[in-house]
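In what follows, a single structure is set out as structure tokens and then discussed.
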Amino acid sequence: MSVAKALSLIIASAIAFTLIGGVVGFGLGRFVPNYYRTIARDGDAPGFDPLAFGVGQGVTQGLIVGVAVGIALVVILGWLDLRSLTRIANDQE
């Protein structure tokens, strides 16, 4: 696996999970705002916006998960490529 392909995979995974996290955070903030009011330190403050908090949390957590999943995929695919190359080298001997 090339470095460009690995970076593209990590970036694509990060973007996909960031978008998913933002949508989930938006949904929770819009339809279940008491969830964020309960888990946030200042959730009971008058100026607390559960929608903005939810989108922020979702995007942040989605980005972290996306990068982790992308790195895991690169490691797994790299390991499979290495096994394949090792098998080819052993067959040629």
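The criterion of being at pLDDT 90 or above, touching an Asp or Glu at 6+ places or on another chain (Cβ under 9 Å) and among the aromatic types (Phe, Trp, Tyr) does not hold for Phe53.
For the range 5-19, the criterion of being in a helix (DSSP H, G or I), without any contact (Cβ under 8 Å) to a residue 60 or more places away in the chain and touching an Asp or Glu at 6+ places or on another chain (Cβ under 7 Å) is met by no residue.
Looking at the range 1-45, which of its residues are modelled with pLDDT under 90, surrounded by 13 or more Cβ atoms within 10 Å (Cβ to Cβ) and within 30 Å of Asp81 (Cα to Cα)? Residue satisfying the conditions is Met1 alone. Test Gly54 against the criterion of being in a helix (DSSP H, G or I) and among the small types (Gly, Ala, Ser), and give yes or no. Taking the combined requirement at face value, the residue satisfies it. Beta carbons closer than 7 Å, at least 6 apart along the sequence or on distinct chains, pair a first residue in the range 27-49 that is without any contact (Cβ under 8 Å) to a residue 60 or more places away in the chain with a second that is surrounded by fewer than 11 Cβ atoms within 10 Å (Cβ to Cβ) for Arg37/Asp44; Phe48/Asp42.
Checked against the criterion of being over 24 Å from Ala12 (Cα atoms) and under 26 Å from the mean Cα position of the chain (by Cα), the range 57-74 has no qualifying residue.
The values are calculated or read from the model by the stated rules, or taken from the named source; none is laboratory data. What you are looking at is a predicted structure, and each value in this text was computed from that prediction instead of being measured. Note that each Cβ is placed from the backbone with ideal geometry, even for glycine, and that neighbours are counted across all protein chains shown.
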